[in-house]
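The values are calculated or read from the model by the stated rules, or taken from the named source; none is laboratory data. The model shown is predicted, which means the values in this text are computed figures rather than measured ones. Note: ideal-geometry Cβ built from the backbone for every residue, glycine included; neighbour counts use all protein chains shown.
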Amino acid sequence: MLEKLLRLAAGRGSAEVGALARALGVGPGQAVQMLETLERQGYLERTGAGCDQPCERCPLHAACPAERRPRLWTLTPKAARVLGRRNP
């Protein structure tokens, strides 16, 4: 199922967790766990969601809704090889 998730994510370019979960027939929490597993295995890499500095140094840290910030992943070269792509 992890390979199916990787192919779904790669084929869509971008997708929200809920859409991936529905396509796989699992809950959003399980989809996130699967994405995190793919990240640990080196197939996905987490990217920033618009911030370029650590939270603790940000002057807006106290007011930031960090928990609502989207989590973003990109394909790694390892994933591109598995999927038969030249570039992630």
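Tallying residues that are under 11 Å from the mean Cα position of the chain (by Cα), in a helix (DSSP H, G or I) and of a type in the set (G, A, S) within segment 1-46 yields 3.
Each row is one residue, and each column tells you yes or no for (1) within 16 Å of E16 (Cα to Cα); (2) modelled with pLDDT of 65 or more.
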site	(1), (2)
Q53	no, no
R68	yes, no
L75	yes, yes
G84	no, yes
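Of these, A9, A23, which one is under 25 Å from V82 (Cβ atoms) and modelled with pLDDT of 90 or more? Exactly one of A9, A23 is under 25 Å from V82 (Cβ atoms) and modelled with pLDDT of 90 or more, namely A23.
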